[in-house]
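The structure appears right after this line, and notes come after that.
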Amino acid sequence: MNVVIASSSIDGGIGCWDLQTGAEQLRYKTCASPPHGLASIGCCFLACSQLRDPSATSGHVLYWSWSKPQAQVKSFPAEPIKPLAANSEGSYIVGGGSSGDIYFWEVASGRLLKKWHAHYRAVTCLVFSEDDSVLISGSEDGCVRVWSLFMIFDNVRQQQASHLYEYSFTEHTLRITDIVMGYGGWNAIIVSASEDRTCKVWSLSRGRLLRNVVFPSIIDAIAIDPGEHVFYAGSRDGKIYIAALNAESPPSNNYGLHIIGSLTDQSKPVTCLAYSAEGNLLLSGSEDGMVRVWDVKTKNIIRMFRHSKGPVNNILIVRLPYPFTRTESKVQASSRRHESLRPPLEKYANSSDEDMDNKAIIALPDTIDLPSYLSSQLINDHVKQLQQQGSSAAAEMEVKRLKLDGQRSMEMFQQLKKVYDNLQEFCVNELLDGQAMEGSKGN
Amino acid sequence: MYDVGLKPSMLRSLIRQYLPAANQPLDLNTSCFELPKLVSVLQTHRLLSELDSHSVGPKLINAWKLAVDDWLGCLLSLLSSDMSDKCWVGICLLGVTCQECSNQRFLTSYSVWLDKLLSHIQPPSESQLVKIASCTSLSDLLTRLARFPEEGAASLLYTLITFFPASIHHSYDKVEAAIASKILSGKYSTITLKKLGYCLALLPKSKGDKDSWSLMMQKILISINDHLNEAFQGVEEEAKSDDARRLLVTPGKDLPSPLGGHTSLESGSYNRTSSERLPTATISTLMFCCCKMLTSSYPVQVTAPVRSILALVERLLTVDGSLPPTMLPFMNSVQRELICSELPVLHAYSLELLIAIIKGMRRQLLPHSAYVVRVVTRYFKICALPELRIKLYSIIRMLLLSMGVGMAIYLAPDVIDNSFSDLNSPGGEDFEISPVNTGPVLPQPSNRKRKHGTKTGSVEKQEGANPKGGESNIHQMTPINVKVAALDSLELLLTVGSASKSDSWRSSIDSLVIRTAINSCKRGWGNVENNVFLPNESASLWADFQLSSLRALLASFLAPARVRPPYLSQGLELFRRGKQEAGTKLGQFCGYALFALEVLIHPRALPLDDFYSAYHNPTDGASNRFPENTYSGSQKQNTLFFSAAQRTDEGAIKSHNDDLYNKWLENEHNAVEDMKDKTSRPNDSSLANVLEVSEQEPAAANADVHMRGEDEMVVQPRRLEEPIPKSQEIVSAKVDKSPPAVGTNLEGGEIESKKALSASDSLNDIDHDMLSGVNKVDDFDTVSRKTSSTLPNVEKGSSSMAHLESESSMDSFPNIVDADPDTDSDSV
């Protein structure tokens, strides 16, 4: 079941709707999120960083399990965290701090595995690549950086390298508002949006700018269509522009080079976008508190969800592995075991005992052991064994050997008999002779 | 055959025919050997199933029921017979009955059967066969029982099946001690030990909590460690064992009780004198046990001591039997030989353990991945035995697949070095001359115990017996299956990592791969159904090699690159030839390869949905929930779009319907146009360029012909590179000039020329050459638009545009693109 998750910068909770039917599901309470602060952790639970008053020195991150409206785990990182992202498996969470540091936590243990200084100013977006080996971050200073996570965890290579990042793109002049990554591993493209009213397309494999698209207004959100034909850019003027990637762009139009059209509902600024490959739907969140579902083919709105009065600033489409309502009890059963044990994110690295550095909490892969019946196989095996002992060839050899033995014994017997006969004859003769002698003597 | 009515009487006749009556003596030689046949008849006709009861009359049901009753009566009387052979027959057949009978019957009578079977296990005097048979039948009974949902807990039962007696979790420690003592004694056959190891690995499941798993893991690791300390005295530095110990036992925490209680360990390790033999069997069983623990499912999350397992692997892999430089050789040569002879087995198990860790940890290996990579690459340098190399290659493939691009960047140099040396070494070429002669070259599975330190001696002895040629350096040859593993790894490296920083190695790998593929296919195709005298593996090995080399070749064509695949034509030729081998895997693959390469030759970047119809067919809006929105939104949009892009309209629709065909037609049209253009303006500044082209054209054409005509690889891609950027420019230049020339086609002119451009992109070089001529264009905007419209194709790397990207075009290309942000930002 695909659900739409949306949160707002004003506390309206996290809304959750079934994309197919439009039915609203649970609403998760008390959440005021910054842009890019909402993340689904491996489809197991929801995490969201929280907006706090600027004077607060520590951050605030909440976890919700799917089945309960109340936040279950609260974490207080060392500084305010805005963007959050998790890898596809849900084993790691990264957060971007307002100082420009990136925090890397292990979900199962809550341990802060790494923290590194990534940008000069606050981190605004974080994106994992589809193979989870690359992390892309954007910052308030307009810088987009590409990190290989292997480098982050390899102390030896770090010493050899002059910098931690793989690429640092500095062409944007103002705050980065959104980053999306296309398909194709290291051959993918990255699209970034900035307050300088441009979206830029980068090649990851070559590390350079491919295209610059200038928009009539500031773009706060981008979504890329899975065929990478176009990308959609949600703008502060309320329009969603369609910009060409693979598509041919018309020679001239009202908006500017590479912009081939727009979706518009005369609404307030568009703050976030999400693309659902199932049915080619585009979801947009707006400052008027609505989530609109567009059919990109017909450019019609096919559904609207009302989230709150305040601006929606995060939309996610999450595929839940089970129908939400039916197995509620089962979910709870499993969540009680797994999720309630999930520890909060730690504030500092190395705060726990060092022993854990050498260990990892893992969920072992589910293997299916099909039970199988053995008796008929056993009969075959045993019969084979028995046959080997009594095979006809073997029996024949045995018979021959026995015959030979018999023959030999027979000969022996004959021989012995002969000896015995001789002996007897001798004895009898002796006896007879002796008697004869005695008789003769006596005579 | 399918008549249900016959089944009861069939069963009865089976009883008469095969089951010995209780009072008659059993004739082993006749009835006993017919049992498999009896079982197969039972199973084929499902004689015990009592199924279909709803579709047949009650009379038949009754008859069938009575027949099965008789059957069971016979079995039970056999079971209670005091003749062990009769008993055996009864027990075996009862097991089959457990599998075959109806649910109802099973549920009503399984408890009786259980008692009967148990009674045969307990008395010690029973014959071995009877005991084994009873255990097996009992296992079948439990298996059947596990399928009933009300009994639940299938996993628990699975454990029960594996362990006897049944109530395992009450006597956990006893079972652990029993299994451990057997493993530690090391006296059993390898298969038995493996089964025991598996049981030990599954044992924590019977408790199913986090701690018992970790404890068992720790106990096993400590036990392995102790054995290694003893075994490796003299071949490794003392400090190593201390290091390993420190990782295993956290300082300040209590040592867990030894595996299976102390008595068994003591007796196990002191029973033998260490100089006589190494406890290899024990160590390897324990390592196998670790592997199973890491890869079998477990109900809760567990804490795995990753670091200490990795340290164990590293420790084992570092020991190669040579003496550490810092130590005095106090070990005598007999001991050393002993260790050397056992090391390959231990190394093989260490690699298995590494595989298990990678499987068990998945993405969570990340913090340890650099360490793993270092262990693997270091071992790759010293590893020489074929089986171990094959395993290493498979580890590399797992790492590449599970960890993605970042791993590819790290591993690339080592994969390339090693596969180069493996694929370049002799072996394959000699192999194919006399395929019958291949047996000795293959590593026999039993060869594991070859000495590691002294490779030349033992290998030559074994293989030098081969009377045919090549003995002198036969030990230097790389066996085919190692080459297969190397090729497979190259293929994966190309698919995963070729987009990143591959410039330095790409061309050499491409040429290595094509060379290997051509060599492997030089002498025809490996025959899978070779002849019945050869063992199966050797017959199909050559076919595997060819398949792997062709797979690597396809990957080298499809992998993103900045130049046109230089050996494409030879490769296509190979695939075409291979495709004709119908009915083989290889033929199937070649067909697939040709299909995949088609996109490389005719690139297309089609929209995901039919994007254009969205813009050009106003929607019906019937199913709309917000009709007013729709009309205000989409209608306006449509008009907007039409006014803006009316001229694209026609072309776009056309291109969408019959893309390639139109491209070709239009291209032809334009080529003619182009010629007209040139000839009509002889005084144009392009004249010199035209001349230049006429010189270039034959050269380029020659290169092409040359390439296709011969098998040599003397293509000069640089020749072809030059004209192509120009061709773009000329086409875009025409964009402005062609409409007046066409005259009649004002509206579609520009579109068509654009089509021509994209067509020329996708066509072969000849077309480019024909088109190329003028190389100065002033209309910058058009150029940049053209370029950028083709640009995503380049990014995909899957198009013929790839060959467009030589270094020279690379330089010019992005400049054009870079230019447009500038101009744009100026205007903004």
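The values are calculated or read from the model by the stated rules, or taken from the named source; none is laboratory data. Everything numeric here is computed off the predicted structure, so don't read it as measured data. Cβ coordinates were reconstructed from backbone atoms using ideal geometry, including for glycine residues, and neighbour counts include every protein chain displayed. The protein model used for the area step is the full one, side chains on, heavy atoms only, and it has no ligands, DNA or RNA in it. Shrake-Rupley method; radii C 1.70, N 1.55, O 1.52, S 1.80 Å.
Quick notes on this one:
- Counting only protein chain heavy atoms and rolling a 1.4 Å probe, the accessible areas of B:Phe232, B:Phe33 rank, largest first, as B:Phe33, B:Phe232.
- Cβ-Cβ distance of B:Lys59 and B:Ser80, R₀ of 25 Å, FRET efficiency by 1/(1 + (r/R0)^6): the value works out to about 0.20.
- Area buried, chain A against chain B - accessible surface, total, 1.4 angstrom probe, square angstrom: 9700 Å²
- Rolling a 1.4 angstrom probe over the protein heavy atoms with all chains in place gives chain A an accessible area of 44 Å² per residue.
- Shown are B:Ile518, B:Ile183, whose ranking by accessible area with a 1.4 Å probe and every protein chain present, most to least, is B:Ile518, B:Ile183.
- Geometric descriptor of chain A, per residue, is 319 Å³ (volume of the convex hull of the Cα atoms).
- By accessible area, using a 1.4 Å probe on protein heavy atoms only, segment A:2-352 has 50% of its surface on carbon and sulfur.
- For the cross-link pairs A:Lys384/B:Lys86; A:Lys239/A:Lys309; B:Lys292/B:Lys483; A:Lys29/A:Lys114, the ones whose C-alpha atoms lie over 22 Å apart are B:Lys292/B:Lys483; A:Lys29/A:Lys114.
- Mean Cβ neighbour count within 10 Å, used as a protection proxy, ranking B:108-115, B:483-490 highest first: B:483-490, B:108-115
- If R0 equals 60 Å, the separation of the Cβ atoms of A:Ala23 and B:Val334 corresponds to a calculated FRET efficiency of about 0.15.
- Our estimate of slack between A:Asp381 and A:Asn422, defined as 0.36 nm per intervening residue step minus the Cα-Cα distance, is 9.0 nm.
- Note, ³J(HN,Hα) from phi for segment A:280-290, Karplus 6.51, -1.76, 1.60, rounded to Hz, x at Gly and Pro: 6, 10, 10, 10, 10, x, 10, 5, 7, x, 9
- Accessible area of B:Glu238 in the full protein assembly, 1.4 Å probe (Å², nearest 10): 130 Å²
- With the simple model of a label 7 Å out from the Cα in the direction of the Cβ, B:Phe33 to A:Ala349 spans 7.3 nm.
- Taking every protein chain into account, the 1.4 Å probe leaves A:Thr173 with about 100 Å² of accessible area, to the nearest ten.
- Inter-probe distance in nm under a simple model that places probes 7 Å from Cα toward Cβ, at A:Val156 and B:Ser421: 1.7 nm
- In this simple spin-label model, placing a label point 7 Å from the Cα along the Cα-to-Cβ direction at both A:Ser409 and B:Arg46 gives a separation of 5.7 nm.
- Per-residue average of Cβ from other chains inside 10 Å of B:365-372: 6
- Binned Cα-Cα distances of segment A:375-433, short to long, each 10 Å bin given as a whole percent: 19, 20, 18, 15, 12, 9, 5, 2
- Rounded accessible area of B:Lys37 (nearest 10 Å², 1.4 Å probe): 120 Å²
- Inter-chain Cβ neighbour average for residues A:84-94, partner chain, 10 Å: 2
- Subtracting the Cα-Cα distance of B:Arg523 and B:Asp254 from 0.36 nm times their residue separation leaves 90.2 nm of extension gain.
- Ranked from largest to smallest solvent-accessible area, with a 1.4 Å probe on the protein heavy atoms, B:Arg16, B:Arg374, B:Arg523 come out as B:Arg16, B:Arg523, B:Arg374.
- Shielding of peptide B:200-210 by partners, expressed as the average count of other chain Cβ atoms within 10 Å per residue Cβ, is 0.
- For segment A:375-433, the carbon plus sulfur part of the accessible surface works out to 59%, probe radius 1.4 Å.
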